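Undergrad: The structure's right below; bear with me while I get my questions together.
The values are calculated or read from the model by the stated rules, or taken from the named source; none is laboratory data. These figures come from a predicted structure and were not determined experimentally. In this analysis, Cβ positions are derived from the backbone assuming ideal geometry, glycine residues included, and neighbour counts consider all displayed protein chains.
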Amino acid sequence: MLTPCTHITSSVPDLIQATFNSYHGVSAAPFASLNGSFGVGDCADKVQANRNRMKQALGINRLISARQVHGDQIFRLGETPDSDQELDGIDALMTDRRGVGLMIQHADCQAILLHDPVQSAIAAVHCGWRGSVIRIIEKTVEMMNSCYQSRPEDIAASISPSLGPCCSEFINHRQELPTSFQAFQTRSNYFDFWQISRFQLMEVGLHPEKISVAGICTSCSPDFFSYRRAIRQGNGITGRNCTIISLTATHK
Ligand SMILES: [Zn+2]
């Protein structure tokens, strides 16, 4: 049985974009059931089985992912590897290779997918509040420009299901967030990080009509893993949602 994706955002012929929900995997609680992360305490064979289901669902042979650290290191994939790879200390991935899936693992953080249809280049960015502060989105767009000559105005962006303004409470925001984020405070101590990402994408030159926001809050929706919900309900141990972008193997 193929794994359904709740959120396939691409209508472009040679592009695959998907965020998987937490259903139709093989992991047991508290990772039930489509946990994509090896780093949260789940059984490795179950995580691999889940990843295989995702690859099968999307028709992807190779998956590139990272042990993300809320930093701003960006990895450029040149040659397609012979096997799946998970890189250390990376929070954004980019390539112009076909048939390779770039995967972000997240539970409340945003996965931001970037596609330049002119240069046929893609990127996947992991962005939590720390990523917003260190501007990883803008750095990734700038690196697409330097590596692939991508013009920001050609790039389309999709922001995955992630923590919504309804649940983005930051009681230490005066220490953690720059004052420029105050404009995105929706009520006392609550911030709209979907709009912060949209603003940062526009700041680096993307057209507003090419930016889509899923608008689904992972902390509210039972369909997705959520770190904040896991904290509310107990010890914070939970799985990770997976968001994948890929240029299809055969150009149509
Ligand atoms: Zn919410």
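Undergrad: Is there any pair with a first residue in segment 134-162 that is without any contact (Cβ under 8 Å) to a residue 12 or more places away in the chain and a second that is buried (at least 18 other Cβ atoms within 10 Å of the Cβ) and part of a helix (DSSP H, G or I) whose Cβ atoms are under 7 Å apart and which are 6 or more apart or on different chains, and what are they?
TA: That search, which allows pairs on different chains as well, returns Asn145/Pro152.
Undergrad: Looking at segment 163-186, I want the residues that are in contact (Cβ under 8 Å) with a residue 60 or more places away in the chain and on the phi < 0 side of the Ramachandran plot and have a partner that is within 15 Å of the ligand (Cβ to nearest atom) and basic (Lys, Arg) with Cβ atoms under 7 Å, at least 6 apart or on another chain. Which pairs are those?
TA: Leu163/Arg228; Cys167/Arg228
Undergrad: Any chance you could count how many residues in segment 88-135 are of a type in the set (S, T, N, Q), part of a loop (DSSP other than H, G, I, E, B) and out of contact with any Phe, Trp or Tyr (no Cβ under 6 Å at 6 or more places or on another chain)?
TA: 1
Undergrad: Scan (1) farther than 28 Å from Arg62 by Cβ; (2) within 16 Å of the ligand (Cβ to nearest atom); (3) more than 15 Å from the chain's Cα centre (by Cα); (4) of a type outside the set (A, V, I, L, M, F, W, C) for the single condition Gly234 breaks and write down its number.
TA: (2)
Undergrad: Considering only segment 143-164, I want to know if a residue exists there that is within 16 Å of the ligand (Cβ to nearest atom) and among the hydroxyl-bearing types (Ser, Thr, Tyr).
TA: Yes, because at least one residue in segment 143-164 is within 16 Å of the ligand (Cβ to nearest atom) and among the hydroxyl-bearing types (Ser, Thr, Tyr).
Undergrad: Look through segment 194-252, keep the residues that are among the charged types (D, E, K, R) and free of Cβ contacts under 8 Å to residues at least 24 places away in the same chain, and return whichever of them is farthest from Gly164 (Cα to Cα).
TA: Here the residue is Glu209.
Undergrad: Among the residues of segment 171-208, which ones are buried (at least 16 other Cβ atoms within 10 Å of the Cβ), within 14 Å of the ligand (Cβ to nearest atom) and more than 15 Å from Arg135 (Cβ to Cβ)?
TA: Tyr190, Phe191, Asp192, Trp194
Undergrad: Follow-up question, since we're still on this one. Failed condition for Thr243, given (1) modelled with pLDDT of 95 or more; (2) surrounded by fewer than 18 Cβ atoms within 10 Å (Cβ to Cβ); (3) more than 15 Å from the ligand (Cβ to nearest atom); (4) not hydrophobic (A, V, I, L, M, F, W, C), with all others met?
TA: (2)
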